[in-house]
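Following: one structure in structure tokens, then a few remarks.
Read-outs: derived from the displayed coordinates by stated rules, not from any lab. All figures in this text were calculated on a predicted structure; none of them were measured in a lab. FYI the Cβ positions are ideal-geometry reconstructions off the backbone, even for glycines, and counts take in every protein chain you see.
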Amino acid sequence: MHKVKRAIIMAAGTGSRMQPLTFTTPKPLIKVNGERMIDSVIKALHKNSITEIYVVVGHLKEEFNVLTKDFEGITLIENPYYNSCNNISSLYVAREHLKDVIILDGDQVIYDPDILSPDFVRSGYNAIWTDEPTNEWVLTVENDVVTACSRTGADKGWQLFSVSRWSEEDGTRLKGHLEEEFIKKENTQIYWDDVAIFCHPEEYTLGIKEMSAGAIEEIDTIEELAAKDASYKKYLQEKN
């Protein structure tokens with residue numbers, strides 16, 4: 001059994017699908033019904049006694065300084081590549097902290113803090129079983145081990161969510177593979193998740209952390225935001 005000791009929150013992106021809101025506010029700092037999205041992530045981590053937290057910032061990076069005042073244990077890490085590279089760059093700049101770590105996105109809302117429980121058996125992702133077709137990434141799991149991943153969805157399966165845990169051994173391995181892909185191969189336009197799942201799958205034995213539907217929500221567009229918080233409906237009217 002492994003135990004999470006620290007967290008890395010990815011929060012460097014431009015949030016283009018949330019424009020014009022993200023012209024002035026980083027997407028993770030957008031409020032949903034009065035609370036910033038990233039606050040739900042940090043509070044859930046704290047409820048699980050995970051207080052060593054690294055937030056990777058890029059777009060409007062100065063706006064994140066407020067987090068160091070509002071919460072204990074927050075360290076900001078700047079990603080200077082955020083505007084020219086995919087999110088592999090964000091984990092690359094935080095690679096020194098990839099031991100017994102949980103990695104999350106800052107632009108999601110967590111309703112059930114239990115999904116961030118620190119104990120885990122295998123490195124891997126939180127996932128929800130779906131019997132419905134989905135276009136999201138879907139994992140195939142056999143005997144508690146991930147054997148395949150579809151980027152284009154599936155008719156049913158384990159839908160991957162952007163919450164993952166990495167043991168000290170796997171985190172050290174991931175650090176080396178990040179350096180190999182990002183620096184040596186200049187593979188800068190991939191997701192960081194690609195590194196273990198697609199670039200070096202034979203090097204990892206991943207599992208999943210099962211969770212229930214509704215425990216976490218990814219809000220990607222203004223339409224989805226307005227559906228959760230009516231105060232944003234005016235932006236839909238402006239678009240139309």
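For the range 165-240, what is the charge dipole size about the Cα centre, in debye to the nearest 20, if Lys and Arg each add +1 at the Cβ and Asp and Glu each add -1 at the Cβ?
So the magnitude is around 340 debye.
By how many degrees, between 0 and 90 and to the nearest 10, does the Cα long axis of helix 168-179 differ from the longest principal axis of the chain?
70 degrees
What is the sum of charges around GLU52, taking Lys and Arg as +1, Asp and Glu as -1, for the other residues whose C-beta is under 9 Å from the C-beta of GLU52?
Around GLU52, the surrounding residues sum to +2.
Quick check for me: using +1 on Lys/Arg Cβ and -1 on Asp/Glu Cβ, what's the dipole size of the range 1-107 about its Cα centre, in debye to the nearest 20?
Taking the Cα centre of the range 1-107 as origin, the dipole is about 220 debye.
What ratio of Cα Rg to 2.2 N^0.38 Å holds for the range 46-137?
1.23
Using the Kirkwood radius over Cα pairs, work out the Stokes-Einstein diffusion coefficient for the range 145-229 at 4 °C and 1.567 mPa s, in µm²/s as a whole number.
85 µm²/s
Could you list VAL66, VAL57, VAL4 in order of exposure, starting from the residue whose Cβ has the fewest other Cβ atoms within 10 Å?
VAL66, VAL4, VAL57
Would you work out the charge dipole size for the chain about its Cα centre, treating the Cβ of every Lys and Arg as +1 and the Cβ of every Asp and Glu as -1, and quote it to the nearest 20 debye?
About 560 debye.
For SER164, SER40, SER49, which order do you get if you count the other beta carbons within 10 Å of each Cβ and list the fewest first?
Ordered by Cβ neighbours within 10 Å, fewest first: SER49, SER40, SER164.
From zero outward in steps of 10 Å, how is the percent of C-alpha pairs of the chain spread across the bins?
Distribution as computed: 7, 32, 39, 20, 3, 0 percent.
Mind checking the angle between helix 37-47 and the chain's longest principal axis? C-alpha axes, 0 to 90 degrees, to the nearest 10.
Orientation of helix 37-47: about 50 degrees from the principal axis.
If I model a spin label at ASN135 and ASN33 as a point 7 Å from the Cα along the Cα→Cβ vector, what separation in nanometres do I get?
A separation of 2.6 nm, rounded to one decimal place.
Compute the relative contact order of the range 2-239 as a whole-number percentage, counting only Cα pairs closer than 8 Å that sit 6 or more residues apart in sequence.
24 percent
By how many nm would the segment from GLU224 to ALA148 grow when fully extended, if each residue of separation counts as 0.36 nm and the alpha-carbon distance is taken off?
24.4 nm
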